[in-house]
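These notes are about the structure you will find just below.
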Amino acid sequence: MELVLLVIVLVVAVGVVVWLMRSRSEEPAAAPAPAAASDDEVHTVREFHVRGDDALVYFDVPVPDSGVDDVFRNLLLKQAVEVLREKRSHHLPLEGVTTVRAYATSASGDVEVGSLDLDVPGELPEEIVIPGAAPHFSSAPFDPLAHLGEQEFKVEAGVAARTGSEDLLPLSEEISLTADLAAKLHGIGIDTATMNAGDLALGLLKVAGYSVGESQGGYLATGSGGTTFLQVVDHGAGDYPELEEQAINRFMVAFGGSRADRGMLVTEKYSPFLVYDKERREPRVRFITRERLQAFVDSFSLR
């Protein structure tokens, strides 16, 4: 009798094991994890090649209707150098590169818009200075506001303290615009010679295809990348040249009540280091202060 019970137990156990194995083999395979977005999906780079001593960077950016001007040329060259830097970080053999060439697209095909000779083959300068260009650089994502939180906008310490005056220079003397972008801003009624930071930011959004309307305490920009709450802090004659803490806090409260996907404060004033803490605590917001305005403009220039 005990032998019979033992046989029955063994048969049942084998049956359970076989059933479990079949169930597992019939379970659908786990879906593969989505691939991380490549640099080409975020930026405007289409192709990269090394031919001889030349590094060739092809951008999926059209030549402006007004032609290639110095600002457009220098923006692409600076981007091309950063592409080379990124490729080098992946241990590509680029030691022999002596010249970086940037290309844009046109109706007749790819067009070289400029080249930059390296002082030492394969060595890229930490600060990229191209003759005739202001020393600034910004990556140019396809949708500037959709990637606003990913952009790095540096703040230089003590700039406001070194001005020696509370009067700030007109933006027209500090901001470089491509001829094409300047023409578009003029086309919607913005005088680039007298514009303030609010005029510039709202104009850039409109020419980039965003729908902009007034919202409580600011503006709401709507586009393919979602909604962005925008608040402008003006600088008047005799005002303190640095963004005040009270203005920062008012913006944070207004953004919280806007229910927008992102928040952006734009001002001609210089930035206190407090903005870093606010951006770290709330990654969806960015403070586009005077030091960051050029990089913000650049992010629209190559659309």
For this session: Evaluate the distance, in nm, between pseudo-label points positioned 7 Å from the Cα of Glu95 and of Arg46 along their respective Cα→Cβ axes.
Result: 3.3 nm
Problem set entry | Segment Ser211-Glu244, length gained on full extension (0.36 nm per residue, minus Cα span) | 9.0 nm
Exercise. When N counts the residues of the stretch 190-263, how does its alpha-carbon radius of gyration compare numerically with 2.2 N^0.38 Å, as a ratio?
Worked result: 1.17
For this session: Could you work out the mean projected area of the convex hull around the alpha carbons of the stretch 40-89, in square nanometres to one decimal?
Result: 4.0 nm²
Problem set entry | Descending principal axes extents, the stretch 234-273, alpha-carbon based, whole Å | 34, 15, 14
Problem set entry | Label point distance in nm, Asp117-Val253, each placed 7 Å from Cα along Cα→Cβ | 5.9 nm
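Give the calculated FRET efficiency between Asp110 and Ile188 to the nearest 0.05, with a Förster radius of 25 Å applied to their Cβ-Cβ distance.
Values: r = 31 Å, r/R0 = 1.23.
That pair, Asp110 with Ile188, gives E of 0.25.
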For this session: Evaluate the distance, in nm, between pseudo-label points positioned 7 Å from the Cα of Asn196 and of Asp277 along their respective Cα→Cβ axes.
Result: 2.8 nm
Exercise. How much accessible surface area, in Å² rounded to 10, belongs to the heavy atoms of Ile190 with a 1.4 Å probe?
Worked result: 20 Å²
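Taking 0.36 nm per residue of sequence separation and subtracting the Cα-Cα distance, how much length would be gained by fully extending the chain between Thr222 and Ser66, in nm to one decimal?
Working: separation 156, 0.36 × 156 = 56.16 nm, distance 2.81 nm.
Using 0.36 nm per residue and subtracting the Cα-Cα distance, I get 53.4 nm.
The values are calculated or read from the model by the stated rules, or taken from the named source; none is laboratory data. Note that this is a predicted model, so its numbers are computed, not measured. Here the Cβ is made from the backbone with ideal geometry for all residues, glycine too, and neighbour counts use every protein chain on show. Keep in mind that these areas ignore ligands, DNA and RNA; they rest on the heavy atoms of the full protein, side chains included. Shrake-Rupley method; radii C 1.70, N 1.55, O 1.52, S 1.80 Å.
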